[in-house]
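Read the structure below first, then the notes.
Values quoted throughout were computed directly from the atomic coordinates according to the rules given, and no laboratory measurement underlies them. Model, not experiment: these values are computed from the prediction. A quick note on method: Cβ atoms are made from the backbone with ideal geometry, for glycine too, and the neighbour counts reach across all protein chains shown.
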Amino acid sequence: MSNQCKTFKIGLDFHGVIDAMPDFFSFFTDVIIKAGGEVHIITGGLTDIDKQVLENHNIKYTHLFSITDYHNKIGTPTTKNHPKYGFPMISDQEWDKTKADYCRRESIDFHIDDTLAYNEYFTTPFCRLWTHNNHPKSDKKDERHMS
């Protein structure tokens with residue numbers, strides 16, 4: 001029997017997950033990292049206000065992955081600008097599969113998200129978080145991901 005412990009890698013979405021329960025995820029991320037694990041924040045993108053939430057609640061992470069930044073970097077073709085936020089949009093399928101692809105590439109052990117549509121592309125264990133904390137969904141959520 002080996003004396004080595006496995007390092008677990010946890011993926012967390014920001015909008016609808018971390019920002020919906022920041023105090024819980026402050027505790028959770030602290031415990032994971034203190035135990036030698038990795039916390040990957042895997043999100044569409046973060047605004048300066050979102051980064052303040054991470055800082056103000058002492059959310060710890062080892063890696064940050066942005067769908068928007070990734071596709072800009074690799075030159076994924078865009079179709080139009082997002083009607084609400086103005087960033088160049090990629091196809092819905094490209095967007096929806098990107099988190100799953102990242103989790104496979106990075107050998108993430110478990111991912112928590114609030115968008116069920118992404119589950120179709122995951123081979124990594126995927127957990128949909130229902131926060132039901134009497135707050136409406138973030139206005140940052142795309143309407144097609146609200147169900």
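Scaling against 2.2 N^0.38 Å puts the C-alpha radius of gyration of the chain at 1.06. In terms of surrounding Cβ atoms within a 10 Å radius of their Cβ, T78, T115 rank from fewest to most as T78, T115.
Comparing P125, P83, P22 in a Gaussian network model of the chain where C-alpha atoms under 10 Å apart are linked, the largest mean-square fluctuation is found at P83. Where both partners of a DSSP beta bridge lie in the stretch 9-132, what percent of those bridges are antiparallel, to the nearest 5? The antiparallel fraction comes to roughly 5 percent. Comparing T47, T76, T68 in a Gaussian network model of the chain, where Cα atoms under 10 Å apart are tied by springs, the biggest mean-square fluctuation is seen for T47.
Pairs of Cα atoms nearer than 8 Å and 6+ residues apart set the relative contact order; for the chain it is 26 percent.
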